[in-house]
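Asker: Have a look at the structure that comes next, please.
The values are calculated or read from the model by the stated rules, or taken from the named source; none is laboratory data. It should be emphasised that the depicted structure is a prediction, and the values quoted were computed from it without experimental measurement. Backbone-built Cβ (ideal geometry, glycine too); neighbour counts: all protein chains shown.
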Amino acid sequence: MRKNPVKQALKEGKAVYGTMMIEFRSSAAAQILAVAGYDYFFIDMEHGTFSYETMSDMIRAGRLAGIVPIVRVTDCQYHLMSRPLDAGAMGLMIPRVESREQVEQIIQWTKYPPWGIRGCGASTGHSDYEATKVAEFIKQANDEIIIIPQIESEKAIENIEEIVSVKGVDAAVFGPNDLSISLGVPGEVEHPKMIKAFERVIAACNKAGIASGLHVGSVDLVNKWKAKGMRFLCWSNDIAMIKDSSAKALAAMRSSPGRS
């Protein structure tokens, strides 16, 4: 099984940088993002439009291109986590996590015995289809897979110290839109309530020895919270990248001298 460079970087206290794929249904996306220099990318199975076949192709392309593929699953259910992992996902982000009990169940379902109860199919995408020694494989898989609870509600903030203290959690990442809605300030990512929540999660993660992070569309916000200690950093998504860069270029062309 491949080593996970994102997990190693987090252990070393470094920041990692990624983005989210929602609509671009091509395995070429992984290679493009790798060429751009990203450390990882999320494949969004919660809000995205991908089939399992497309997800699997994108995961495989990411592994071959040297960029870490992480799947945001639809929900906290065994089959929704086991299938991406068997396809070769090197990490999972699980939305709407709110309690220690949920996290303990997630760890049980995503780790092999004796740590958890994940079923073993060794010679599939997560082993690059190579024959493996089962005992060696399951130990390495347990060590290398990244598990990320997504923090998206007021209840999750209230329970954050317990959530991040569970063995096997590697990072806690905010879903700013849902969190802002839960806190009664929809879309106000820089509202004092949001800032207070961010700061509490950073402190809890630092105490637990794991990374905190967020996914936003603003480079300035990414850099602001990086300076305050966040290390799992996710900027923008495929829709915004295409739309924003195209709109900017089109406006520049239309405003240049000559016939319009």
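Asker: What strands (runs of 3 or more DSSP E), lying completely within segment 4-100, carry at least 1 residues that are out of contact with any helix residue (DSSP H, G or I) (no Cβ under 9 Å at 6 or more places or on another chain), among the hydrophobic types (A, V, I, L, M, F, W, C) and farther than 14 Å from residue 238 by Cα?
Answerer: Details: elements: 16-21, 40-44, 68-72, 91-94.
Filter on segment 4-100 gives 91-94.
Asker: Looking for whichever is surrounded by fewer than 22 Cβ atoms within 10 Å (Cβ to Cβ) and out of contact with any strand residue (DSSP E or B) (no Cβ under 9 Å at 6 or more places or on another chain) here; the options are 236, 246. Which one fits?
Answerer: 246 is the lone residue from the list that is surrounded by fewer than 22 Cβ atoms within 10 Å (Cβ to Cβ) and out of contact with any strand residue (DSSP E or B) (no Cβ under 9 Å at 6 or more places or on another chain).
Asker: Can residue 191 be described as out of contact with any strand residue (DSSP E or B) (no Cβ under 8 Å at 6 or more places or on another chain), farther than 24 Å from residue 45 by Cβ and surrounded by 15 or more Cβ atoms within 10 Å (Cβ to Cβ)?
Answerer: Yes: the conditions hold for residue 191.
Asker: Which one is surrounded by the fewest Cβ atoms within 10 Å (Cβ to Cβ), of the residues in segment 14-50 that are in contact (Cβ under 8 Å) with a residue 60 or more places away in the chain and of a type in the set (Ser, Thr, Tyr)? Lay out the reasoning, then the answer.
Answerer: Just the residues of segment 14-50 that are in contact (Cβ under 8 Å) with a residue 60 or more places away in the chain, to begin with: 14-24, 29, 42, 44.
Narrowing further to those that are of a type in the set (Ser, Thr, Tyr): 17, 19.
On the way: 17: 18, 19: 21.
It comes out as 17.
Asker: Moving to a separate point now. Condition (residue is at pLDDT 95 or above, outside any helix (DSSP H, G or I) and surrounded by fewer than 21 Cβ atoms within 10 Å (Cβ to Cβ)) applied to segment 123-140: is it met by at least one residue?
Answerer: No, there is no match, as no residue in segment 123-140 is at pLDDT 95 or above, outside any helix (DSSP H, G or I) and surrounded by fewer than 21 Cβ atoms within 10 Å (Cβ to Cβ).
Asker: Do the conditions hold for residue 186, that is, is it surrounded by fewer than 15 Cβ atoms within 10 Å (Cβ to Cβ) and closer than 18 Å to residue 95 by Cβ? Before the answer, list the steps.
Answerer: Values: surrounded by fewer than 15 Cβ atoms within 10 Å (Cβ to Cβ): yes; closer than 18 Å to residue 95 by Cβ: yes.
It is true that residue 186 is surrounded by fewer than 15 Cβ atoms within 10 Å (Cβ to Cβ) and closer than 18 Å to residue 95 by Cβ.
Asker: Evaluate segment 22-40: report whether one residue or more is within 27 Å of residue 132 (Cβ to Cβ), in contact with a strand residue (DSSP E or B) (Cβ under 9 Å, 6 or more places away or on another chain) and of a type in the set (Val, Ile, Thr).
Answerer: Going through segment 22-40, the residues within 27 Å of residue 132 (Cβ to Cβ) turn out to be 27, 30-31, 34, 39-40.
Still in the list and also in contact with a strand residue (DSSP E or B) (Cβ under 9 Å, 6 or more places away or on another chain): 30, 34, 39-40.
Next, only the ones that are of a type in the set (Val, Ile, Thr) stay: none.
The answer is no, given that none of the residues of segment 22-40 is within 27 Å of residue 132 (Cβ to Cβ), in contact with a strand residue (DSSP E or B) (Cβ under 9 Å, 6 or more places away or on another chain) and of a type in the set (Val, Ile, Thr).
Asker: Continuing with this model, one more query. Which condition number in (1) assigned to a helix (DSSP H, G or I); (2) in contact with a helix residue (DSSP H, G or I) (Cβ under 8 Å, 6 or more places away or on another chain); (3) surrounded by fewer than 20 Cβ atoms within 10 Å (Cβ to Cβ) is the one that residue 104 fails?
Answerer: (2)
Asker: Restricting attention to segment 232-243, does a residue exist that is of a type in the set (Val, Ile, Thr) and out of contact with any helix residue (DSSP H, G or I) (no Cβ under 9 Å at 6 or more places or on another chain)?
Answerer: Restricting attention to segment 232-243, the residues satisfying the condition of being of a type in the set (Val, Ile, Thr) are 239, 242.
Keeping just the survivors that are out of contact with any helix residue (DSSP H, G or I) (no Cβ under 9 Å at 6 or more places or on another chain) gives 239, 242.
Yes, segment 232-243 contains at least one residue that is of a type in the set (Val, Ile, Thr) and out of contact with any helix residue (DSSP H, G or I) (no Cβ under 9 Å at 6 or more places or on another chain).
Asker: If you go through segment 64-74 one residue at a time, do you hit one that is crowded, with 22+ Cβ neighbours inside 10 Å and small (Gly, Ala, Ser)? Spell out how you get there, then give the answer.
Answerer: Of the residues in segment 64-74, the ones crowded, with 22+ Cβ neighbours inside 10 Å are 67-73.
Subsequent filtering for residues that are small (Gly, Ala, Ser) retains none.
Looking through segment 64-74, none of the residues is crowded, with 22+ Cβ neighbours inside 10 Å and small (Gly, Ala, Ser).
Asker: Mind listing whichever residues of segment 159-189 are under 19 Å from the mean Cα position of the chain (by Cα) and within 15 Å of residue 204 (Cα to Cα)?
Answerer: 160, 163, 164, 165, 166, 167, 169, 170, 171, 172, 173, 174
Asker: Is it true that some residue in segment 142-155 is touching a strand residue (DSSP E or B) at 6+ places or on another chain (Cβ under 9 Å) and of a type in the set (Gly, Ala, Ser)?
Answerer: No - not one qualifying residue is present in segment 142-155.
Asker: Another question about this same structure. Restricting attention to helices (runs of 4 or more DSSP H) lying wholly within segment 152-260, give those where 2 or more residues are touching a residue at least 24 places away in the same chain (Cβ under 8 Å) and touching an Asp or Glu at 6+ places or on another chain (Cβ under 8 Å).
Answerer: 154-158, 176-182, 192-208, 238-254
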